[in-house]
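Visitor: This is the structure I have questions about; it appears just below.
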Amino acid sequence: MTQALRQVLFMIGMMVTVLAVTMLAPAVVDFASGQHESATAFILSSIIGVFVGGAVTLSTRGPVGDMPARGAFVLIVGAWLGLALCAALPLRLSGQGLDWTDAIFESISGLTTTGATVITGLDMRPPGLLLWRAILQWIGGIGIIVTAMAFWPMLGIGGMQLFQLETGDTSEKVLPRATQIAAGIAAIYLALTIVCFLAYVGTGMAWLPALCHSMSTVSTGGFSTSDNSMGEYVHLGSDMITVVFMILASLPFGLFLLASRGKFSGLYKDSQVRGFLLVVAVATLGLTALIMAQDLPAGDVAAWRHASFNAISIITGTGFATTDYGQWGPLAQAGFFVFMFIGGCAGSTTCSVKIFRYQIAGTAMRRYLARLLRPNAIIPMHYNGRPVSESILHSVLGFFFVFFAVYAASASILSAMGLDLVTALSGAAATLTNVGPGLGSIIGPAGTFEPLSDPVKWVLTANMFIGRLEVLAVLILLSPRFWRP
């Protein structure tokens, strides 16, 4: 066994062991509520996970050295797969009617913070099961930030490069050491979750729904404890709490670190933040005008409230819903389809393409047009006041090409499997962008992914996994050149 492979297995084993230990929390909740079958499933799964993860860890421990880039790719992909399989075990054994296809779909949807679900009747499910789904999303939310820090620099954009771009300071990192950055991000992530939980409780939510929704909100995941999603709690005003924390979770966590050191200017000077808030404002105003123009029924809730919540939920990839916006007409559905491909800021828990890529691509387009007018001119590119290298530009444009090529391929496959056009197009988009709900009567905000066939679910599961790892990570592993000596 090579040293790199030993290190990869060692770290995966440790992560699986830690995840298995966390299964004891939902087990306690289920035992306390009298759901003994589900509690037993979590305890048994925890034992299996600790045994397997511990065995791998002990058998591969040894001196730690620098991991080559190839090993890092294998580690990132292998870790997410290993955790997803471990997380699926209690879902399969819980006695809730989930086969392996559904259990793995649900676990990967949780860890990738997609929020697409195959479980119906959530209001009647064991509370430990609901808590476990929220825990998976919470782990996935902080996990994707750490993954981005470690992995994106290999692709030419992200990690420390993005933190430097966001801070406008290339002379030092956000904090002196990477370990301090990770600790700072974890502390901010935990603090946001606690404050969100207390805010939900303050609106009148019971402690379990408040805890589950706080973890799903801050991770921009979207798993709910009710089939009505956040629509169940609109009368409490909880939806407005969700709006605030969805926006906060969509901002660069690097800027929160700077703010904690007294440097608040980044929160309003950063190009990503301004661009993101502008998109949110335009989408909200547009949907509000559409609802009012069509005189759509809004019940006791104002049109802007419906519009802001659901627009922000889809743009950030959270996937909560307060109403079936599929009933707002074709123009609104077209808008929500576009929202899926936006995303929040880099360095946040959000998913999809993300604002900074559109901004860099737009800057590149402006430079191209300027060169058409002045072919001999030297026109440098800047982002957030810092120079953008050609390698960063190429990686961003390459991402666009690969991302939308994968989307077109997956949508074509789903259509060939017999799905109607709306379900195929929106299903591919909702899973690849890790948004969650799609469009149409089957997988729309009022439906679930449960009626779909197993082959279709596997395609969508692969989409969620590929999308959350920024597409290129998985495709690189599939390249024969990667495995050549």
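Visitor: State whether the chain is rounded, prolate or oblate according to the following rule on the C-alpha gyration tensor (a ≥ b ≥ c being the square roots of its eigenvalues): a/c under 1.5 gives rounded; otherwise a/b larger than b/c gives prolate, and the remaining case gives oblate.
Guide: In terms of gyration-tensor shape, rounded.
Visitor: Amide H to amide H under 5 Å from Tyr383: which residues, 5+ apart in sequence or cross-chain, H placed 1.01 Å off N in plane?
Guide: Result for Tyr383 returns Val388.
Visitor: Just the number: Rg to Rh for region 286-360, Cα atoms, Kirkwood Rh, two decimals.
Guide: So for region 286-360, dividing Rg by the Kirkwood Rh gives 1.01.
Visitor: Round to the nearest 0.05 the FRET efficiency obtained for Glu37 and Ser453 when R0 = 22 Å and r is the Cβ-Cβ distance.
Guide: Working from the Cβ atoms, E equals 0.20.
Visitor: Each label point is 7 Å from the Cα along the Cα-to-Cβ direction; what then is the distance between the points at Val18 and Glu390, in nm?
Guide: 4.1
Visitor: Evaluate E = 1/(1 + (r/R0)^6) for Trp304 and Arg61, where r is the Cβ-Cβ distance and R0 equals 60 Å; express this FRET efficiency to the nearest 0.05.
Guide: Efficiency, from the Cβ-Cβ distance: 0.60.
Visitor: Still on this structure, I have one more. If you only keep lysine pairs separated by 8 or more in sequence, or across chains, how many in the chain come under 23 Å at the Cα atoms?
Guide: Going through the chain pair by pair, I get 4.
Visitor: Can I ask one more? How far apart, in nm, are the 7 Å Cα→Cβ label points at Phe264 and Arg371?
Guide: 4.2
Visitor: Please give the net charge around Ile379, taking every other residue with its beta carbon less than 11 angstrom from that of Ile379, where Lys and Arg add +1 and Asp and Glu add -1.
Guide: Its environment carries a net charge of +4.
Visitor: Using θ = phi - 60° and the Karplus form 6.51 cos²θ - 1.76 cosθ + 1.60, what ³J(HN,Hα) does each residue of region 430-439 get, whole Hz, x for Gly and Pro?
Guide: 5, 8, 5, 8, 6, 7, x, x, x, 10
Visitor: Something else: Can you compute the label reach from Ala361? Point 7 Å from Cα along the Cβ direction, backbone N cut-off under 18 Å, restricted to region 237-277.
Guide: 272-273, 275-277
Visitor: Sticking with this structure for a sec: From the gyration tensor of the Cα coordinates in region 425-485, what semi-axes in whole Å does the equivalent ellipsoid have, largest first, with each one equal to sqrt(5λ)?
Guide: 29, 12, 7
Visitor: Here is a follow-up. Helix-derived [θ] at 222 nm for the chain: sum -39500 (n - 2.57) over DSSP H runs of at least 4, divide by residue count, nearest 500?
Guide: Rounded to the nearest 500, the figure is -21500 deg cm²/dmol.
Visitor: Between beta-carbons, use under 15 Å as the cut-off and find the net charge around Ser226, counting Lys and Arg +1, Asp and Glu -1.
Guide: Charge balance near Ser226 sits at -3.
Visitor: If each residue of separation counts as 0.36 nm, what is the full-extension length gain between Val338 and Ala416 once their alpha-carbon separation is subtracted?
Guide: 25.8 nm
Visitor: Continuing with this model, one more query. How long is region 396-461 along each principal axis, judged by its Cα atoms, biggest number first, in Å?
Guide: 36, 23, 19 Å, listed from the longest principal axis down.
Visitor: In whole percent, how big is the carbon plus sulfur part of the accessible area of the chain, probe 1.4 Å, protein atoms only?
Guide: 69
Visitor: OK, next. Please work out whether region 1-59 counts as rounded, prolate or oblate from its C-alpha gyration tensor, where a ≥ b ≥ c are the square roots of the eigenvalues and a/c under 1.5 means rounded, while otherwise a/b larger than b/c means prolate and anything else oblate?
Guide: Here region 1-59 falls in the prolate category.
Visitor: Taking amide H positions as placed in the peptide plane 1.01 Å from N, state which residues far from Thr120 in sequence (5 or more) or on other chains have amide H under 5 Å from it.
Guide: For Thr120, no residues qualify.
Visitor: A further question follows. Using label points projected 7 Å from each Cα along Cα→Cβ, tell me how many nm separate Val402 and Leu190, to one decimal.
Guide: Calculated label separation equals 3.4 nm.
Visitor: Please give the contour-minus-distance gain from Asp295 to Phe51: 0.36 nm per residue of separation, less the Cα-Cα distance, rounded to one decimal in nm.
Guide: 81.9 nm
The values are calculated or read from the model by the stated rules, or taken from the named source; none is laboratory data. For clarity, every value in this text was computed on a predicted model and none was experimentally measured. Positions of Cβ are backbone-derived with ideal geometry, glycine not excepted, and every protein chain shown enters the neighbour counts. Keep in mind that these areas ignore ligands, DNA and RNA; they rest on the heavy atoms of the full protein, side chains included. Shrake-Rupley method; radii C 1.70, N 1.55, O 1.52, S 1.80 Å.
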